[in-house]
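Each remark here refers to the structure printed beneath this line.
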Amino acid sequence: MIRPETLRVFIDAKGVDVPPGATAIDAVEAFDPAVAAAVRDGHKILTDSRGLPIDSGTALQSGAIFRLIPKRDRSVQPASE
């Protein structure tokens, strides 16, 4: 079996190519280094195509779909009406 030279994955609907053995954070880095820094710093959360959070060290499979969402600060109380 021939191993592909790159894997195509999708971050927020944008296709990026990464080498085999890359992780989810590697794909985010290829998508946008500033966004990758936000994931590392905990300001954004990386999710799978269903919206479930995943570990940024997850190994990639070709065709994987990821979404980036802002992390909500749950310590802030809603404003009173």
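Quick notes
- Beta carbons closer than 8 Å, at least 6 apart along the sequence or on distinct chains, pair a first residue in the stretch 60-76 that is closer than 20 Å to Pro4 by Cα and exposed (fewer than 13 other Cβ atoms within 10 Å of the Cβ) with a second that is at pLDDT below 90 and not acidic (Asp, Glu) for Ser62/Pro4.
Each row is one residue, and each column tells you yes or no for (1) aromatic (Phe, Trp, Tyr); (2) out of contact with any Lys or Arg (no Cβ under 9 Å at 6 or more places or on another chain); (3) touching a residue at least 12 places away in the same chain (Cβ under 8 Å); (4) closer than 20 Å to Arg72 by Cα.
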| site | (1), (2), (3), (4) |
| --- | --- |
| Glu29 | no, yes, no, no |
| Val35 | no, no, yes, yes |
| Arg40 | no, yes, yes, yes |
| Lys44 | no, no, yes, yes |
| Gly57 | no, yes, yes, no |
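The rows are residues; the columns are (1) farther than 23 Å from Lys71 by Cβ; (2) surrounded by 13 or more Cβ atoms within 10 Å (Cβ to Cβ).
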| residue | (1), (2) |
| --- | --- |
| Arg3 | yes, no |
| Leu7 | yes, yes |
| Ile11 | no, yes |
| Val16 | no, yes |
| Pro19 | yes, no |
| Ala24 | no, yes |
| Ala30 | no, yes |
| Ala34 | no, no |
| Val39 | no, yes |
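The values are calculated or read from the model by the stated rules, or taken from the named source; none is laboratory data. Every value quoted in this text rests on a predicted model; they were computed, and no experiment measured them. Virtual Cβ from ideal backbone geometry, glycine too; neighbours counted across all protein chains shown.
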